[in-house]
Amino acid sequence: ALASTAVLEHADKSVRLHAVLALMEVFYIYAPEPPFEEAEILRIFGQMIRQLGNLYATPSTAANFELYYRILEQLSEVKIGVVLVDLIRTERDSGDADALEGLCTLVRTLLTCSNGTRVASGDGTVHPPEVMGHAEAAVAACIEEFEGSVPIPVVEELLTCIGAGPKATVPNPEYARLVAEAGGSGSK
């Protein structure tokens, strides 16, 4: 009943958050074989990903930060994402791509929320470096589980994140010199 749509899609966000926390403990207890059907696993991961997405905008001083962080910590330490990799392997035979889509969303969410936390949050605080460390460990566990044959959509998610990384503006020294000589600011 904990993995039911009624609980995971409950109107109260606190119910959804605590259900995911409880389900992460179930994954921990039963690792590496969760006691859920494929549809339940996909539903759990869907809500877990939504909860992890909240980490991006949650300052480390906020009340729910520790709860979101606990989900991330469980995901990296217990390597819960590997469950999706196992489902992907079985889906290759059936042609169903729900687990692959879920893994791509998980990777995107982990890299986005952890990349965002490297920058100051809304209240000016910076999340601890452990957030990035756990996100990296969770993604690495999934990639390693593929044993060298990572699906292209997962690689695309990784490359998209890398491509969207920090950007540096390198001024053209010749342009700066010409502007200085002309006595202008360089803008029109």
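Taking 0.36 nm per residue of separation and subtracting the current Cα-Cα distance, fully stretching the chain between Ala22 and Ser4 would add 5.2 nm. Rolling a 1.4 Å probe over the protein heavy atoms of the stretch 1-108, with every protein chain left in place, gives an accessible area that is 54 percent carbon and sulfur. For the stretch 1-16 versus the stretch 17-90, the inter-centroid distance based on Cα atoms is 14 Å. Ligands, DNA and RNA excluded, the heavy atoms of Ser76 present near 10 Å² of accessible surface to a 1.4 Å solvent probe. For the pair Val179 and Glu77, label points projected 7 Å from Cα toward Cβ lie 5.1 nm apart.
Segment Glu37..Tyr56, full-extension length gain: 3.9 nm, with 0.36 nm per residue of separation and the alpha-carbon distance subtracted.
A 1.4 Å probe over all protein chains sorts His18, His127 by accessible area into His18, His127, starting with the largest.
For the pair Glu136 and Leu159, a Förster radius of 25 Å applied to the C-beta separation gives a FRET efficiency near 0.95, rounded to the nearest 0.05.
The values are calculated or read from the model by the stated rules, or taken from the named source; none is laboratory data. No experiment lies behind these values; they were computed from the predicted model shown. For neighbour counting, all protein chains shown are included, and Cβ atoms are generated from backbone atoms with ideal geometry for every residue, glycine included. What goes into the accessible areas is simple: the full protein's heavy atoms, side chains included, and nothing from ligands, DNA or RNA. Shrake-Rupley method; radii C 1.70, N 1.55, O 1.52, S 1.80 Å.
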